[in-house]
Structures are given as structure tokens and as C-alpha cells.
Amino acid sequence: MTMTDPIPLIIGPGALGRLLAVRLATRGETWLAGRRRLPATQTLTTPEGQTLVRCLPTTTLDALPTHTPLVVHLTTKAMAVEAVVASLRQRLPAGTPLVLWQNGFGVQRLVSDHWPGPVLCATTTEGAYVEDDRHVVHAGHGQTALGSLDGRHQDLARRLAGRLTAAGLPTESVPDIRLRLWRKLAVNAAINPLVARFRIRNGQLRDRPFRPMVDAVIDEVAVILDAEGVTPPEGVGVSGWQALVWRVVEGTAGNRASMLQDVLAGRPTEHEAILGPLRAAARHHGLPTPTLDALYRELDGVK
Ligand SMILES: NC(=O)C1=CN([C@@H]2O[C@H](COP(=O)(O)OP(=O)(O)OC[C@H]3O[C@@H](n4cnc5c(N)ncnc54)[C@H](OP(=O)(O)O)[C@@H]3O)[C@@H](O)[C@H]2O)C=CC1
Ligand SMILES: CC(C)(CO)C(=O)C(=O)O
């Protein structure tokens, strides 16, 4: 396979990958790669109920295009990233930029330290799910922030943010992506493990017996993040984190969170990517994490 112009390549053709692929394909050629070749025609239902149909070149990891892509958007789940990146090292030129879209905050550090080219991290509140192998639903509009952990590659981040925005995914290039990844992680830690464990929609967390469980997670997370120097977007300390988490619960009340969807589908969950960095930071600062540990054990046992 050959490409003449630098083209974005998306690896990980799940909900987010297909959302990016169909959206970016409205602006120009875009490749989509996975473990298996997908149907080339992909349909996206927008939050407004419109239908976008795009014919995309789809491929597999072992048959990637021979020319350097403009950028690789890596949209697998967190636990697949290390293996995919290891295989990309043999298949792509060293300077190829990567954008990591995973929730959590583990692989981002690892890949940023070891990939020879620029690595940007993205955090997004866009929501999408796969309806079937030819159809992705963009369930709700959100915002995306993009930047590198060490503050480098700002021109690249601005250019890529511009392309995503033009494709209908509003994206800001930011100098503080580490802070934003931690904040998203805090929200995911307070919501995802509990809704996955009790198999409930996000909004049910507002009711008993779940509300005090969420507050117990927030209490632990707030102390850890304070020790890490990570502040909530508004307010301070526990009350700032509570305001953030309950705002997201309110705004996503009808959602089945991603971790619940994974449990229901019998897929591995991203509990390590979300709870792992908090537990590691707590150990580093000598802080106890009984609530997070119990949630971790519970999810680690789910097959
Ligand atoms: N969906 C959403 O709305 C949002 C998702 N995110 C984050 O984005 C990331 C992706 O989420 P989402 O799209 O929902 O996840 P999905 O499970 O829908 O998609 C993951 C995709 O990765 C593919 N994959 C797994 N292993 C490999 C591999 N070795 N090589 C190539 N492809 C592989 C899977 O392939 P296969 O189909 O073969 O299993 C699947 O298509 C997660 O970290 C999530 O937390 C963040 C915000 C919103
Ligand atoms: C914000 C939240 C919890 C929305 O459901 C999410 O990011 C997820 O489902 O993973």
C-alpha cells in the first residue's frame, strides 16, 4: 500500500477510533487500522441524528501504508497500547507523531518516554459507541484537549487541534495536559468502578446507597491529588473535586459508562489505567487507599 500525501492514520477502530476516522474523512483521506480489516464503508450517526457515510481505506497493523503518516491517532484501550506501540516501532519511521487518546494516566508517560518521535496526549469528553461493525454513534458532543507531557511540540499540537476542530471535534492545544489527564482520571475513578461493579447508569450514583460510596472515593482521591499538586478545575480540595464529579454525573446521568459497557460485554476493563496511577501515587506519598484498593480488587477479579 502507498500513500502520496501525509495522511492521518487511526489505529484502534472502536468507538472513538471510528468517530475520529469518519469525522476526519470529511476533510480528506484518512486511514483506519485494526487487528482485523473492517468494512470500508462506515456510518456515523451524529448527536443531532444526521447520518455521515464515508468510504475509508481500512487496513491491519501488519499491512500499514508504506509512507509516513501525518500522525497516528492511537485509539485502542489503554491495555493494548504498549503492544501496539512496540509493533509500530518496527513498522513506522522514527519521527512519526503519535496522539494517545486513552483515559487514565499510565501509558501516556511510558510512551512519551520511549517513542522516538513526538508524543501528544489527548483527553476528550466526546462520547461514542459502536452500534455494529459498520456503524458508530456519536452520542454527545464534548471538548478535546491536546498537548505533550513535557510541553514540547506546541506547533504540531496546534495544527492537529485545528484539523480536528475543522472536522467537527472541537479541540484545544493546551500546555497543561498532565493536569487535565489527572482531572479526567479523578472523574473516571469516582464514577466508572462503582457503576461497573453495581451495573448502574451514571445518574443512579446520586441515590443511596451509592452516593456515600462516591464521596468515599472522592475523599481518597482528593488527598492523593493534593499530594501530587493536582488541583480541581474550580474550588479547592475535596469540595472542588466533589463539584467536578457531581457535575459530570449530572451531565451524563443517562450514560452507561465505558467500564460498565466493558463489563457487560465481557471485555477487560481499564481499571489499571484509572486506579493504578492513583494507587501508585498514594504509595509514593505513604497514603492509605482502602476504598480504591477494594474497587481495584473487585474489578481485577472480573473476567
Ligand atoms: N468511547 C468514548 O466515548 C471515549 C473513549 N475514551 C477512551 O478512548 C479509548 C478507546 O475507547 P473506545 O473507542 O471506547 O474503545 P473500544 O473498545 O470501542 O475500541 C478499542 C478498539 O481497539 C482495538 N484494538 C484492541 N487491540 C488492538 C490492537 N492490538 N491493534 C489494533 N487495534 C486494537 C479493538 O479492536 P477489536 O474491535 O478487534 O476488539 C477496538 O476496535 C479508551 O482508552 C477510552 O477510555 C475516552 C473518551 C470517550
Ligand atoms: C465521564 C464518563 C464517566 C462518562 O460516562 C466516562 O468518561 C466514561 O464513561 O468512561
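The values are calculated or read from the model by the stated rules, or taken from the named source; none is laboratory data. What you see is a predicted model, and the numbers here were worked out from it, not measured in a lab. So basically every Cβ, Gly included, is an ideal-geometry build from the backbone, and we count neighbours across all protein chains shown. With ligands, DNA and RNA removed, areas are computed over all heavy atoms of the protein, side chains included. Shrake-Rupley method; radii C 1.70, N 1.55, O 1.52, S 1.80 Å.
Values for this structure:
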item: Candidates Glu220, Glu228, Glu234 - the one that is surrounded by 15 or more Cβ atoms within 10 Å (Cβ to Cβ), more than 15 Å from ligand 2 (Cβ to nearest atom) and free of Cβ contacts under 8 Å to residues at least 60 places away in the same chain; result: Glu228
item: Pairs where the first residue, in the stretch 2-24, is closer than 20 Å to Leu88 by Cβ and at pLDDT 95 or above and the second is in a loop (DSSP other than H, G, I, E, B) and of a type in the set (Phe, Trp, Tyr), C-beta under 9 Å, 6+ apart; result: Gly12/Trp101; Leu16/Trp101; Gly17/Trp101; Leu20/Trp101
item: Test for Val84: is it open to solvent by less than 20 Å² (accessible area, probe 1.4 Å) and either within 16 Å of ligand 2 (Cβ to nearest atom) or not in a strand (DSSP E or B) (or both); result: yes
item: Strands (runs of 3 or more DSSP E) contained in the stretch 12-56 and holding at least 2 residues assigned by TED's automatic domain parsing to the domain that holds Thr76 and open to solvent by 20 Å² or more (accessible area, probe 1.4 Å); result: 41-45, 51-55
item: Extreme residue, nearest to Trp115 (Cα to Cα), among residues of the stretch 139-153 that are within 16 Å of ligand 2 (Cβ to nearest atom) and buried (at least 18 other Cβ atoms within 10 Å of the Cβ); result: Ala145
item: Gln154 at pLDDT below 95 and in contact with a strand residue (DSSP E or B) (Cβ under 8 Å, 6 or more places away or on another chain); result: no
item: Residue check for Ala161: farther than 21 Å from Asp113 by Cα, within 15 Å of ligand 1 (Cβ to nearest atom) and surrounded by 15 or more Cβ atoms within 10 Å (Cβ to Cβ); result: no
item: Tabulated pairs, the stretch 173-191, first within 15 Å of Ala243 (Cα to Cα), second β-branched (Val, Ile, Thr) and open to solvent by 10 Å² or more (accessible area, probe 1.4 Å), C-beta under 6 angstrom, 6+ apart or interchain; result: Lys184/Thr123; Val187/Val248
item: Considering residues of the stretch 115-138 that are open to solvent by less than 20 Å² (accessible area, probe 1.4 Å) and in contact with a Pro (Cβ under 6 Å, 6 or more places away or on another chain) only, the residue nearest to ligand 2 (Cβ to nearest atom); result: His138
item: The stretch 248-263 residues that are free of Cβ contacts under 8 Å to residues at least 40 places away in the same chain, paired with ones that are within 11 Å of ligand 1 (Cβ to nearest atom) and open to solvent by 10 Å² or more (accessible area, probe 1.4 Å) (beta carbon under 9 Å, 6 or more apart); result: Gly251/Thr125; Gly251/Gly140
item: Trp246 being open to solvent by less than 10 Å² (accessible area, probe 1.4 Å) and away from ligand 1 (no atom under 16 Å from the Cβ); result: no
item: The listed residue being assigned by TED's automatic domain parsing to the domain that holds Asn188, out of contact with any Pro (no Cβ under 7 Å at 6 or more places or on another chain) and open to solvent by less than 10 Å² (accessible area, probe 1.4 Å), out of Leu292, Leu287, Leu264; result: Leu292
item: The stretch 89-114, subset crowded, with 20+ Cβ neighbours inside 10 Å, in a helix (DSSP H, G or I) and among the hydrophobic types (A, V, I, L, M, F, W, C), residue nearest to the chain's Cα centre (by Cα); result: Val107
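Here's the yes/no breakdown for (1) over 15 Å from the mean Cα position of the chain (by Cα); (2) assigned to a loop (DSSP other than H, G, I, E, B):
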{"position": "Val238", "(1), (2)": "yes, no"}
{"position": "Ala243", "(1), (2)": "yes, no"}
{"position": "Trp246", "(1), (2)": "yes, no"}
{"position": "Val249", "(1), (2)": "yes, no"}
{"position": "Arg256", "(1), (2)": "yes, yes"}
{"position": "Leu275", "(1), (2)": "no, no"}
{"position": "Ala281", "(1), (2)": "yes, no"}
